[in-house]
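Student: Dropping a structure here in structure tokens format, bear with me for questions.
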Amino acid sequence: MIDRLSGINNQGLCWKHPADLSEWSRNPKQHDAGNVEALARSLRRYGFVAPVVVWGSRRQIVAGHGRHRAAMHLLKLDPGMLLASDAPGPALIPVRVVEFASDAEADMYAIEDNRATEANPMDPAAVAEILRGLDAAGVDIEIPAYSDAEIAGMLTEPSFEPTDTAPDLSEVKPYHCPHCRAPITIKELKDSM
């Protein structure tokens with residue numbers, strides 16, 4: 001099916017062995033060993049859920065390099081591993097096969113795919129609230145993208161208890177008028193606004 005907006009020919013979803021795919025050599029997103037290991041832990045826990053996007057005629061990965069590397073890592077440890085519960089056989093990953101209209105289209109899609117997720121980070125307070133809810137429900141929380149220490153920190157309710165000690169203001173520098181350099185108090189500053 002040809003997408004009427006871009007001219008990209010979307011050939012659908014299929015299953016491939018990750019060794020049959022080649023990485024985009026110019027991929028600007030880096031996946032260090034720690035990131036690949038975290039992705040591998042996620043694949044072990046949840047299976048291969050999101051497909052890799054591949055330029056069909058080139059067998060070139062356009063999006064999903066990290067998941068691909070994590071699958072390759074796991075298959076080195078167990079070549080017959082079932083990577084997704086719905087896979088038709090072992091050592092296969094879901095692949096969205098697309099025929100891009102040009103190198104430029106593939107390049108722009110790859111950059112957009114990565115940038116779109118970076119541009120909208122998760123709200124840490126909302127993540128912490130969800131984790132506290134899971135913890136209260138007795139769920140054993142293990143999220144490969146977070147360390148145990150990060151999860152423990154988010155499970156701790158924020159404390160806003162007043163302290164017995166007043167803040168040390170001896171280091172506070174006085175504010176001076178930018179025009180005449182006369183000292184100004186906070187109250188005078190607030191009143192002038």
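Student: Note down the net charge around VAL52, summing +1 for each Lys or Arg and -1 for each Asp or Glu among other residues with Cβ under 14 Å from its Cβ. Could the numbers behind the result be given before it?
Tutor: Values: positive: LYS16, LYS29, ARG58, ARG59, ARG67, ARG69, ARG96; negative: ASP20, GLU23, ASP113.
Summing Lys/Arg as +1 and Asp/Glu as -1 gives +4.
Student: Would you work out the relative contact order for segment 1-105, in percent, from Cα pairs under 8 angstrom that are 6 or more residues apart?
Tutor: 41 percent
Student: Can you give me the distance in nm between label points at GLN30 and GLN11, each placed 7 Å from the Cα along the Cα-to-Cβ direction?
Tutor: In this crude spin-label approximation the distance works out to 3.4 nm.
Student: When Lys and Arg each count +1 and Asp and Glu each count -1, what net charge do the other residues less than 14 Å away from GLY66, Cβ to Cβ, add up to?
Tutor: Local charge sum for GLY66: -1.
Student: Extension gain ALA149-GLU99, at 0.36 nm per residue separation less the Cα-Cα distance, in nm?
Tutor: Computed gain between ALA149 and GLU99 is 13.7 nm.
Student: Give me the one-decimal nm value for the distance between modelled label points at ARG59 and VAL139, 7 Å along each residue's Cα-to-Cβ direction.
Tutor: A separation of 4.0 nm, rounded to one decimal place.
Any read-out appearing in this document is the output of simple, stated calculations on the displayed coordinates, not a laboratory observation. Source: prediction; values computed, not measured. Quick reminder, even Gly has a Cβ in these numbers, built from the backbone with ideal geometry, and neighbours come from all protein chains shown.
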